[in-house]
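Asks: Please read through the structure below; I'll follow up with questions.
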Amino acid sequence: MKFDRATFLADVERVLHADYACELKSAGRRELYNAVSKAVMEEAYDDWSKEKKSRRRRCGYFSAEFLMGRAIYSNLLNLGILEEVGDALASVGEDLNQFEEVEDAALGNGGLGRLAACYLESAASKDIALDGYGIRYRYGLFRQTFENGFQHEEGDDWLKWGDPWSVRVERDAVLVRFADQTVRAVPYDMPIFGYKNGVVNTLRLWQSEPVQAFDFASFNEMRGEVKANENFNATKITDVLYPNDNTMVGKILRLRQQYFMVSASLQDIVKKYKAAGRDLRTLPEKWCFQLNDTHPVIAIPELMRLLQGEGLTFEEAFDVCHRCFNFTNHTIMAEALEKWDALALSDLLPDVYEQIVACQQRLQGEGLDPNAFYIIRDNVVHMANLAIYVSSHVNGVAEIHTNILKTQTFKNWYERYPEKFVNITNGITPRRWMLLNNPQMARLIDSKIGTLWHTRLPELKKIRPFIDEMLPEFVRIKQENKKKLAAYIAEHEGVQLSPDFIFDVQVKRLHEYKRQMLNALSVLWYYFGIKDGEITDFPPTAFIFGAKAAPGYYMAKAIIKFINEIARLVNSDPAVSDRMKVVFVQNYNVSYAEKIVCAADISEQISLAGMEASGTSNMKFMLCGTVTLGTLDGANVEICEEAGRENNYIFGATVEEVAAIKQYYCPREILEQNPRLKRALETLVDGTLSDDSGMLRKLYESMTTGYEPDRYLVLYDFADYVRVKTQLLHDFGSDEFNKKCLVNMASVGKFSADRSVTDYAKLIWKL
Ligand code: 26W
């Protein structure tokens, strides 16, 4: 974008006058934030409207989650005016950094939502016509605090600072009908700026509203009780993001959200297609849709319904849907695969349910084994099966994950429809995850190989010949990032970290399969080893955790309490204060991740093999030159292929071994062989740690007793984990170690979301 300081400041001034009746000199932070953003939006209008009017074939990325983070800095970066705006504001005595107080748009839980955000950015940067369709939640993922070590949740008021990066598009509002209510869906469009290429795609988020303005008169007379209720419930549909990650909750409101968003999106698309005078049988010539996990899969029967309403036969509608829809699976955990009660679904959406039944009948007509191929069974609707049956393509998100889908999770389907299954390994955008969060490192690389890598990440391999000469600067920059993070943590968590310590980091959603427990137990194991004099040469290490637990996930919350109690124990013990510190940061989110990822020395990716579909933070750490301490799971496998296993720290059972181990697994035997591990685990019950809630005892029991003690083989993998981790801690700081870091950085090319979206465009969307 062209930038002229005087014009820009005049634009800002004008918005301040019009919207806030104030001027630059008197504007507060909030006003200034909105005025700066609006001024930029105004300048971007022409490019945006060009793309909106474009008639090329598009893909709609249907997702219940878009974890966008903060918009202002990445938008300015992509428009190529980040520095210019900073300078312009400085010239009037204002600091661009003050907008770091703006809330993240946390309209997602974790990996799946952040992936959607990276893909939108990359698609725009690659000039791929991809638009996002989702929900404008009033409250995003809860804000987390700790009280006495326990997680507390508060509502996330992400609109506190206003929403200058969206425009409300009243003229595109549509009605969405449920059996018991009709609501209005109003779209808010967010521009998605490609990196310095003038492309602007759109993220369209739907908000639910009552059909008519609230009728106070009839409400007061208590005559229109039903109608008043309807109006009350209308806004409720998009009130709040469900905070579950990997666990299905059978709440009808969630189904309402899903249908609301896909129905509105498809009505909008169908309406405009018709208005352009086109035959809906040709819809696949102009549109395809990517279903981001099962959450938007109800779009399939909805499009069938809409098309038949427009005169297509069932078979014609089925064919259009087959050619339009594609499905991505993000998890193999049984408890995450969405299933809906058939009665509840047919009560809420009878016409849509009818379409699902018709699909089921069509499937039955294919003469397949009904025990292996079904959409509805025992009055339960299996959304993944519906998606696989109708879609053209089904994809997993890393090689190992796609293989598991083919050989286990969806084995029957793969054998019947092998041509549908493809792998698209996840990726991350290097703009947000390097240029923006690690600008000094980016400049260092630029000085060696130029800037082509900003949009072609595999170019980073060209730093290989410079690795030796880059080492001192690399170390210096990492050290500075660590200093900044330490200052931030001191301010926000009240824990002092020395940047001279090794920063060992595990940040991701809290889940048993991700095994934060493994890390936590190792901290205690080292701690007792130091205290007892058995470990005398422990390299000073800061163990940094960040994670939110789903509010209803008891064990996850117990693990948070456990780690917070470990932190209390360790940090208050002067005997180890020059060796270790533990901190669990509060409210880990995209903005916190930006600060943490560039300051980490160790990236903990320690899920039980076979459980983590891909992981994407592993890629972010790698890009910033951090070694992985991990299992052969998800994309870790491909990270090792790219960077060399010898440049990372791999441990633990492989996916092939896991099934066999579970046959005879006995955690108690392991504890008997490792007294210090036993001691670490028993802190949960022996009074070492304080807890009057009973949570820690339950956590202990989950590891030692019951039907499947230690389901995720924490204790089984422990010995190998601490063996490799100890080696890593001792390697740290040597030239050889620092080279490993840079080899990782040089090898990250494959994990650019630019590559991922290009793969989708070629193999699936055919754009
Ligand atoms: C129905 C409840 C629910 C909610 C969210 C089920 C499943 C989910 C997501 C699929 C969970 C998720 O975010 N999965 C993560 O997706 C990332 C992007 O592909 C992967 O990198 C992670 O490995 C995977 O856990």
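The values are calculated or read from the model by the stated rules, or taken from the named source; none is laboratory data. These numbers were taken from a predicted model, which means no experiment stands behind them. Here Cβ is always computed from backbone atoms with ideal geometry, including for glycine, and neighbour counts include all displayed protein chains. SASA here: full protein model, heavy atoms, side chains in, ligands and nucleic acids out. Shrake-Rupley method; radii C 1.70, N 1.55, O 1.52, S 1.80 Å.
Asks: Using the Karplus curve 6.51 cos²θ - 1.76 cosθ + 1.60 with θ = phi - 60°, what ³J(HN,Hα) values do you get for each residue of region 268-280, in whole Hz, with x for Gly and Pro?
Replies: 4, 5, 5, 4, 6, 5, 5, 4, 7, x, 9, 7, 5
Asks: Once fully extended, how much extra length lies between Q496 and K739, figured as 0.36 nm per residue of separation less the alpha-carbon to alpha-carbon distance?
Replies: Net length gain for the segment: 84.6 nm.
Asks: A follow-up question, please. With labels modelled as points extended 7 Å from the Cα through the Cβ direction, what inter-label distance (nm, one decimal) is found for D180 paired with E708?
Replies: Taking the simple label geometry, D180 and E708 are separated by 3.4 nm.
Asks: Mind giving me the FRET efficiency for V211 and N371? R0 is 56 Å, r the Cβ-Cβ distance, nearest 0.05 is fine.
Replies: On the way: r = 45 Å, r/R0 = 0.80.
My answer for the efficiency is 0.80.
Asks: If you don't mind, there's one more thing I want to ask. Counting alpha carbon pairs within less than 8 Å and at least 6 residues apart, what relative contact order, in whole percent, applies to region 628-674? Don't skip to the answer; put the middle values down first.
Replies: On the way: 26 pairs, mean separation 18.6, N = 47.
Relative CO of region 628-674 lands at 40 percent.
Asks: Here's a follow-up. Pairs of Cα atoms under 8 Å, at least six residues apart: use those to get the relative contact order of the chain, whole percent. Working shown, then result.
Replies: Details: 1366 pairs, mean separation 100.6, N = 767.
Worked out over the chain, it gives 13 percent.
Asks: Let me ask something else. Of R476, R305, R431, which has the most accessible area and how do the rest follow, probe 1.4 Å? List each step's numbers first, then the result.
Replies: Working: R476 100, R305 70, R431 5 Å².
Final ranking, largest accessible area leading: R476, R305, R431.
Asks: Rounded, prolate or oblate: which fits region 482-629, taking a ≥ b ≥ c as square roots of the Cα gyration tensor eigenvalues, rounded meaning a/c under 1.5, else prolate when a/b beats b/c?
Replies: Numbers: a/c = 1.42, a/b = 1.23, b/c = 1.16.
Judged from the Cα gyration tensor, region 482-629 comes out rounded (a/c under 1.5).
Asks: Something else: Probe radius 1.4 Å, ligands and nucleic acids left out: which of H17, H382 has the largest accessible area, and how do the rest follow?
Replies: The ranking, largest first, comes out as H17, H382.
Asks: Go through region 385-419 and name the trypsin sites (Lys or Arg not before Pro) that are in a DSSP coil and have 16 or fewer other Cβ atoms within 10 Å of their Cβ. If you can, show how the numbers build up before the last one.
Replies: On the way: sites: K406, K411, R416; in loops: none.
In loop regions of region 385-419 (DSSP not H, G, I, E or B), there are no sparsely surrounded trypsin sites (Lys or Arg not before Pro).
Asks: How much FRET efficiency would the formula 1/(1 + (r/R0)^6) give for E154 and R697, where r is the Cβ-Cβ distance and R0 is 25 Å, rounded to 0.05?
Replies: Details: r = 28 Å, r/R0 = 1.10.
Approximately 0.35, to the nearest 0.05.
Asks: A further question on this structure: Ordered by residue, what ³J(HN,Hα) values in Hz, to whole numbers, does region 500-513 give under the Karplus form 6.51 cos²θ - 1.76 cosθ + 1.60, where θ = phi - 60° and Gly and Pro are x?
Replies: So the J values, rounded to whole Hz, are 7, 6, 6, 9, 9, 10, 10, 10, 3, 4, 7, 8, 4, 5.
Asks: I've got another one for you. Considering only protein heavy atoms, with the full assembly of protein chains and a 1.4 angstrom probe, order R755, R5, R278 by accessible area, largest first. Present the calculation step by step, with values, prior to reporting the outcome.
Replies: Numbers: R755 55, R5 105, R278 80 Å².
Order by accessible area, largest first: R5, R278, R755.
Asks: Next up: If each residue of separation counts as 0.36 nm, what is the full-extension length gain between E42 and D347 once their alpha-carbon separation is subtracted? Intermediate results must be reported in sequence, preceding the final value.
Replies: Details: separation 305, 0.36 × 305 = 109.80 nm, distance 4.56 nm.
Gain on stretching E42 to D347: 105.2 nm.
Asks: With θ set to phi - 60° and the Karplus curve 6.51 cos²θ - 1.76 cosθ + 1.60, what are the ³J(HN,Hα) couplings of region 570-581 in order, to the nearest whole Hz, using x for Gly and Pro?
Replies: The phi angles translate into 6, 6, 9, 9, x, 5, 10, 5, 8, 10, 8, 9 Hz.
Asks: How far apart, in nm, are two points set 7 Å out from the Cα along the Cα-to-Cβ line at A719 and at K251?
Replies: Spacing of the two 7 Å Cα→Cβ label points: 4.4 nm.
Asks: Between T688 and D239, with labels modelled 7 Å along Cα→Cβ, what's the label distance in nm to one decimal, could you check?
Replies: 4.4
Asks: Moving on. Of the accessible area of region 279-379, with the probe set at 1.4 angstrom, what percent is carbon plus sulfur?
Replies: Carbon and sulfur together cover 47 percent of it.
Asks: Accessible surface of R323 in the full protein assembly, 1.4 angstrom probe, to the nearest 10 Å²?
Replies: 110
Asks: Something else now. Quote to one decimal, in nm, the extra length available between V422 and A659 on full extension: 0.36 nm per residue of separation minus the C-alpha distance between them. Can you show the working numbers first?
Replies: Values: separation 237, 0.36 × 237 = 85.32 nm, distance 2.47 nm.
Here the answer is 82.8 nm.
Asks: Continuing with this model, one more query. Using a probe radius of 1.4 Å on heavy atoms only, what accessible surface per residue do you get for the chain? Whole Å² is fine. Walk me through the intermediate numbers first.
Replies: On the way: 28580 Å² over 767 residues.
With all protein chains present, the chain gives 37 Å² per residue.
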